[in-house]
Amino acid sequence: MIVLRPTAAGQPRVLWLRPNRALDRRGLRRLIVGLAAMALATASLGAWQGNVFAPVFALAEAFVVGFALGSAWRAGGRGERIVVGPDTLEVRAVPGRRIVRFQTYWVRVGLASGDGRQRLLLRSHGNQLEIGAFLGEEERAEASRKLMVLLSEVSGQTRR
């Protein structure tokens, strides 16, 4: 998901890159409860037929599956915040502390092939940074276009 935050005149432009989540927190809870209920119902049927350990294993499985789904959902909260100012382009990993800065005038945005997919790269003075690795192919192309437009707007303002 690509979100361009509106800003006041003269303020740096902010572009958020985030993965798309299929469920919100409430939907995730419903999914986990539904899966646990089905597993326990099936285990109860197994216990009724003589497998007394089935409910214990179903309960353990419900906790493991719930933990795994919750971990995957929390990983979907990561993202990148790109601030395009008149002098610097700043990329901040969220959550995290990684901040990379490029000079706005010298940074180049490009798509490069690698690892069986296109990579969105920022390059400047021999340094490069891949951004939006969690985005789909079309979203990376759209992010590339938006960044190029933002950079051209900012560099056009500084040259006047």
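Here the relative contact order of the chain, from alpha carbon pairs under 8 Å that lie six or more residues apart, stands at 20 percent. A cut-off of 5 Å between modelled amide H atoms, ignoring neighbours fewer than 5 places along the same chain, links ARG119 with ALA112, SER113, GLY114.
Summed over qualifying helices (DSSP H, 4 residues or more, each -39500 (n - 2.57)) and divided by its residue number, the chain shows a 222 nm mean residue ellipticity of -15000 deg cm²/dmol. Simple spin-label estimate for VAL149 and ASP87 gives 2.8 nm between the two label positions (7 Å along the Cα-to-Cβ direction from each Cα). Say a paramagnetic label sat at a point 7 Å from the Cα of LEU4, along Cα to Cβ; which residues of segment 80-120 have their backbone N under 20 Å from it? The answer is 80-92, 104-111, 120, whose backbone nitrogens lie closer than 20 Å to the label point.
Here the simple spin-label model places points 7 Å from the Cα toward Cβ, and for ARG119 and LEU59 these points are separated by 4.8 nm. The P(r) of the chain has a tail past 21 Å containing 59 percent of all C-alpha pairs.
Values quoted throughout were computed directly from the atomic coordinates according to the rules given, and no laboratory measurement underlies them. Source: prediction; values computed, not measured. In this analysis, Cβ positions are derived from the backbone assuming ideal geometry, glycine residues included, and neighbour counts consider all displayed protein chains.
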